[in-house]
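Below is one structure, written out as structure tokens, with a few remarks after it.
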Amino acid sequence: MPPVPTPAPGPLDPSSVVGAERPAGHPDLPVRQPAAAELARAATRSAEDALTPPAGDALVPPTGDLLVPPAPTAGRAAPVARVRLGDVVPAPERVAPVAGADFVLTPDTVIRVSPDDAARAVAGQLADLLRPATGYPLPVADGTRAGTGGDIALALVDSADLGPEGYRLDVTSDGVRVEAATGAGLFFGVQTLRQLLPAAVESPTPAAGHWVLPGGSVSDRPRFPYRGAMLDVARHFFGVPDVLRVIDHLARYKLNHLHLHLTDDQGWRIAVDSWPRLAEVGGAGEVGGGPGGHYSRDDYRRIVAYAAERHVTVVPEIDLPGHTHAALTAYGELAPDRVAPPPYTGTEVGFSYVDPTSERTYEFVADVLGELAALTPGPWLHIGGDEAFKVRPEAYAAFVERAQRIVAATGRTVVGWHQIAPAAHSEGRVLQWWGTGGEDPVTADAVRRGARLVLSPANHAYLDMKYAPDTPIGHDWAGLIDVRRAYDWDPGTHVAGVPADAVLGVEAPLWTESVASRAEVEFMLFPRLPAIAELGWSPRATHDWAGFRDRLAGHGPRWAAAGVAFHRSPEIPWPTEPPAPAAPQAAIPTEPEPGAPARPHPAIPTRPEPPAPAAVPRQPGPEEASAPAPPA
Ligand code: TNX
């Protein structure tokens with residue numbers, strides 16, 4: 001039986017995306033539907049273009065983004081939202097406001113920095129962040145005498161208690177000073193500084209604003225070392241500019257790992273010199289029959305370098321031994337029957353695998369992981385391991401153990417979905433746990449044998465789940481996940497028998513069966529990504545839904561100003577009125593209308609689609625016993 005193609009996914013209904021064009025005051029006028037080509041053009045606009053104006057012409061606005069409102073422009077009074085020192089997301093470890101110590105950024109402000117390349121790089125990034133909206137020159141100069149005299153100082157200091165990522169931020173009426181032991185710490189301090197300025201600072205074009213920072217001090221460092229998000233570039237391909245923009249989003253919320261799900265049944269997205277057909281043939285498709293694509297080695301290097309500049313480590317995943325249909329289309333010799341199948345554009349899982357009994361398979365694994373390790377400076381190689389339903393448990397464990405040895409031989413540390421738990425331990429290995437219950441004895445046993453966990457519980461952290469029944473894209477097999485559900489769990493105690501010190505951190509995966517454009521990616525990321533970021537960064541003592549909800553509310557205007565699409569969750573008290581003065585607020589458009597009928601997404605059939613050849617529908621594992629049943 002040939003594979004069953006899924007219909008091409010349509011663009012997200014723009015009326016449900018904050019920032020969509022909706023003629024103000026004419027609710028009955030039809031909303032203009034951007035054509036697919038327009039959406040594609042908007043989606044290919046580069047992250048640098050969107051966020052950093054061209055050198056020498058800092059005031060040129062970016063070309064129009066169809067899905068975002070115009071940012072406030074010079075000459076028009078933008079509302080002045082008063083930011084408090086404690087409004088930061090993720091919540092800092094310690095915040096001590098000081099009344100009357102506010103600092104005002106002026107056209108004369110200078111950024112002073114320790115004479116060190118890592119610190120200078122952060123100073124340059126701070127200037128790039130602040131120049132477009134303020135229009136101030138903000139020169140960067142070596143030397144950090146004080147953080148007085150109206151300046152912002154970024155100082156590298158010898159301080160063990162700040163750790164590798166912590167920082168201290170002091171705001172007085174005389175100046176601002178960020179201290180850290182590393183460039184990463186300064187970078188995270190700068191993300192806090194950025195959030196303390198009015199939302200209009202996110203505007204890519206000059207905005208009217210009173211650029212005040214609230215007085216006081218913040219001292220801060222993360223709870224967990226691994227804080228990540230995953231982008232599935234296999235089900236739908238996303239070009240380099242989209243990935244760079246996602247990296248910007250991670251950095252804003254102090255996330256420090258980007259997991260790229262580079263391969264799956266529908267596409268192989270990374271060039272491999274020794275097996276060229278993987279990308280050329282295996283990359284030429286995607287869910288719904290679109291053209292797909294892949295990253296050249298240079299593309300991938302560019303992503304890794306852009307991430308590194310933002311203190312984000314790329315974690316590349318080659319999903320093995322299942323989820324390999326695209327590889328088999330390119331090299332039939334890897335298939336159990338040695339026959340290359342036709343491409344697959346549907347959304348079933350669990351039907352494909354490379355032959356675990358063939359030596360050729362291990363040559364393929366070693367070649368691919370070897371090339372990927374050579375391109376990847378970070379310590380991790382992710383080997384997938386999920387949903388290989390057609391491989392018998394003994395053969396599966398033997399395959400994983402061999403793949404773990406291959407990773408070790410590259411000098412990297414192996415990461416795998418928690419299905420690899422039964423395999424023997426290998427030094428340092430990390431399991432990415434995506435269960436939906438709190439009991440998982442097999443994973444707990446692997447932890448006792450030395451594994452550490454990255455937590456991605458599907459019913460809290462899966463960003464491809466719908467927010468609500470009427471969410472126009474997404475799945476619901478792990479339940480509906482609005483912001484509170486994303487936020488209200490504790491990585492330190494979530495899995496029975498797994499102590500907090502075995503938890504390396506958290507990660508929010510975005511699977512993209514139904515997510516096909518940059519705007520759709522952002523719509524699923526925001527506002528849940530900051531919730532997961534807070535669980536990864538903030539001390540448990542700060543955990544408080546009401547407080548988080550109120551802090552997060554202030555980020556809606558930031559995303560709107562930056563042109564970032566987001567879901568206007570009814571759980572969040574988004575500001576609707578400017579607190580002061582009574583100037584017209586740049587509208588944060590409404591979405592979705594309460595009770596409005598949902599448009600079913602073509603890629604997410606309400607009835608299960610016919611299965612792929614011998615597809616195995618998702619079976620909940622023992623740890624998922626309490627989860628809602630998957631589509632039968
Ligand atoms: C499960 S969780 C998968 C992916 C799907 C996702 C959809 C896991 C490791 N695998 O193959 O894309 O569900 O929600």
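Quick notes on this structure:
- In region 456-471, of all residues being among the small types (Gly, Ala, Ser) and surrounded by fewer than 24 Cβ atoms within 10 Å (Cβ to Cβ), the one that is nearest to the ligand (Cβ to nearest atom) corresponds to ALA458.
- Residue that is within 16 Å of the ligand (Cβ to nearest atom), modelled with pLDDT of 95 or more, under 24 Å from the mean Cα position of the chain (by Cα) and under 30 Å from VAL521 (Cβ atoms), where the choices are ASP386, ASP440: ASP386
- Note on region 495-509: residues that are out of contact with any helix residue (DSSP H, G or I) (no Cβ under 6 Å at 6 or more places or on another chain) and within 16 Å of the ligand (Cβ to nearest atom) total 3.
- Hey, GLY86 part of a helix (DSSP H, G or I) and modelled with pLDDT of 95 or more or not: yes
- Neighbours by Cβ (under 7 Å, 6+ apart or cross-chain): first from region 466-490, farther than 20 Å from ALA553 by Cβ; second charged (D, E, K, R) and away from the ligand (no atom under 16 Å from the Cβ): PRO472/ASP13; PRO472/ARG599; ASP490/ARG540
- Any hit, region 243-258, residues being among the aromatic types (Phe, Trp, Tyr), more than 16 Å from the ligand (Cβ to nearest atom) and in the same structural domain as PHE526 (by TED's automatic domain parsing): yes
Yes/no per residue for (1) surrounded by 18 or more Cβ atoms within 10 Å (Cβ to Cβ); (2) basic (Lys, Arg); (3) out of contact with any strand residue (DSSP E or B) (no Cβ under 6 Å at 6 or more places or on another chain); (4) not assigned by TED's automatic domain parsing to the domain that holds PHE389:
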position: ALA305; (1), (2), (3), (4): no, no, yes, no
position: HIS311; (1), (2), (3), (4): yes, no, yes, no
position: LEU320; (1), (2), (3), (4): yes, no, no, no
position: HIS325; (1), (2), (3), (4): yes, no, yes, no
position: TYR331; (1), (2), (3), (4): yes, no, yes, no
position: PRO336; (1), (2), (3), (4): no, no, yes, no
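- Count of region 123-179 residues which are over 27 Å from GLY100 (Cβ atoms) and β-branched (Val, Ile, Thr): 1
- Which listed residue, of LEU372, LEU453, is crowded, with 19+ Cβ neighbours inside 10 Å, in contact with a Ser or Thr (Cβ under 9 Å, 6 or more places away or on another chain) and free of Cβ contacts under 8 Å to residues at least 60 places away in the same chain: LEU453
- Filtering VAL447, VAL414 for residues that are out of contact with any Phe, Trp or Tyr (no Cβ under 6 Å at 6 or more places or on another chain), more than 14 Å from the ligand (Cβ to nearest atom) and free of Cβ contacts under 8 Å to residues at least 40 places away in the same chain leaves a single hit, VAL414.
- Long-range neighbours under 9 Å by Cβ, at least six apart or interchain, first residue among the basic types (Lys, Arg) within region 560-571, second assigned to a loop (DSSP other than H, G, I, E, B) and at pLDDT below 95: ARG568/VAL18; ARG568/ILE588; ARG568/PRO589; ARG568/THR590; ARG568/GLU591; ARG568/PRO592
- Identity of the residue in region 207-220, modelled with pLDDT of 95 or more and out of contact with any Leu (no Cβ under 6 Å at 6 or more places or on another chain), that ends up farthest from the ligand (Cβ to nearest atom): GLY215
The values are calculated or read from the model by the stated rules, or taken from the named source; none is laboratory data. Quantities reported herein were computed from a predicted structural model and do not represent experimental measurements. Counting neighbours? That spans all protein chains shown, and the Cβs are built from the backbone with ideal geometry, glycine included.
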